[in-house]
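A quick write-up on the structure given underneath.
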Amino acid sequence: MDVMKRTRSVLNLSGRVLNDAVSFIVFCALDLVDYMLCFLFKAIDMLIEAEWKPCYCSSSAKEAITSSGKILVSEQGGESKIVSLSSTKLMLEDISDTLYSRPSLVSELSSFTLNEIKKLKLEDPILQQQTTKRGTSRCSSSSFTVNTTIVEMLQGKIGRQEKHSIPRWSDCDCELCTSWMSSPSTSTKPTLFVKTQGPTIGKAKEDVVFIHGFISSSLFWTETLFPNFSSKARSSYRLFAVDLLGFGRSPKPNDSLYTLSEHLEMIERSVLEAHNVKCFHIVAHSLGCILALALAVKHPHSVKSLTFLAPPFYLVPKGEAQATQYVMRKIAPRRVWPIIALGASLVCWYEHITRVVCFLICKNHRLWIFLTKFFTRNRVRTFLLEGFFCHTHNAAWHTLHNIICGTAGKIGTYLDVIKGNLNVKVTIFHGKNDEVIPIECSYEVQRRIPRADVRVIDKKDHITIVVGRQKAFARELEEIWSTTQTTRK
């Protein structure tokens, strides 16, 4: 037995060492590829659109106040906040530093070079005096620093709102992906695409809002759950399934940073205000769970129940100074094995490689869906593919970083708020075979909210927690809503 244990330990150690070594080589190569793709995309952007798209390759932060003086950003060393002054109101938007601060081979070499230059300056008394003077003038004028890409995007958002009313060359311009541009609401305030289902006779007693996950759409709900609710549920509830900002048939603005406040504002405007929703239940999957949690915190007297499916609530350990970086490394560890870690690392760490993927897959999604139908002879339903393909790179990139990583420092506080709101029933479903979101995330929620009901479903993963068991899940939701109603009475 001892020999077997030692042999197993040696093999495990050898496997980890091999994985680390191969991962280091692979991701160093990917760092260089992504760096070179940056210049390629700048050249193509300039050739086709007469300007290049801002990117986050440069990790250095620069002094940034717009020519109109309408953008202020947080001081260096503080949290990454942006205050943008629009014509109507002052908005505070949370920008995740993982957008522009992702350590890599190229960035480390750049940082090393800059540090050496700084050392040379400090050794020269004349340059040191000039640096001190510049630093004093900056402090006296209350200057701030932020990544220049964010500033450029906000400048476009405030000063050039109509410049990119058409899709970029690397984004899909089909009728489905651009349907929001012909919507009457775009002439005033844009709204999300919302699929509704309610009683045909009489008035619904309660409302339910469904929020999909990352790179998905409302089809995740409307093609699975909506047809499987009982006649009693259909006559009692109004159901709202939204396409999140940047996904499905909803608006995909090029100048948006897809922050938490932007996503919440669009849900409020498109569902709560547009349909006069006062009290409601929320059902959310994956990334949508973060939006659902924030929505429940913002509307504590309106939300009756929260049903989370595979919530990506990575609670940050106490004392962790960089919550956003901690979460990014948890979901994207820069490892080639397991495969899911490789995929997550590509999505999180490489802005330009993911733009290539979006160009090849999302822009040509009609071709991929046609081929899928052709080779499967229409035996496979393609609604998951349609939801997966219909987004822009800008929307996916910013939503991933600003929602999953950017809210890392808030999740614990949000959960504490829900813990204190005893009127909200919390139920969590998690597939036992889920390799995307670890099941520990759900148990962490239960530790923070002891009354939360965690239900682990055997032999189900991140998608089949709903797809394939939609009838059973529809019955479970109806039971949750009915018991919530009884409890609140």
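The values are calculated or read from the model by the stated rules, or taken from the named source; none is laboratory data. No experiment lies behind these values; they were computed from the predicted model shown. Glycine gets a Cβ as well: all are built from the backbone with ideal geometry, and neighbour counts include every protein chain shown. Just so you know, the surface numbers come from the protein's heavy atoms only, side chains and all, with ligands and any DNA or RNA stripped out. Shrake-Rupley method; radii C 1.70, N 1.55, O 1.52, S 1.80 Å.
A few remarks follow.
- Ligands, DNA and RNA left out, the accessible area of the stretch 234-277 computed with a 1.4 Å probe is 44% carbon and sulfur.
- Heavy-atom accessible area order for E351, E386, E435, largest first, 1.4 Å probe: E435, E386, E351
- Listed residues I404, I166 arranged by accessible area, highest first, probe 1.4 Å: I166, I404
- In angstrom, the C-alpha Rg and Dmax of the stretch 438-489 are 13.0, 36.
- Top positive-direction residue, dipole computed over the stretch 205-343 with Cβ charges, set V316, H212, S261: V316
- Of K53/K189; K318/K419; K278/K410; K232/K459; K42/K189, pairs whose Cα-Cα distance is over 22 Å: K53/K189; K278/K410; K232/K459; K42/K189
- Overall form of the stretch 385-489 per C-alpha gyration tensor (a/c, 1.5; a/b vs b/c): oblate
- Using the empirical formula 2.2 N^0.38 Å as the baseline, the Cα radius of gyration of the stretch 256-415 reaches a ratio of 1.18.
- Ranked by how many other beta carbons lie within 10 Å on average, peptides 312-319, 375-382, 392-399 from highest: 392-399, 312-319, 375-382
- Per residue, the accessible area of the stretch 233-352 comes to 32 Å², computed with a 1.4 Å probe over protein heavy atoms only.
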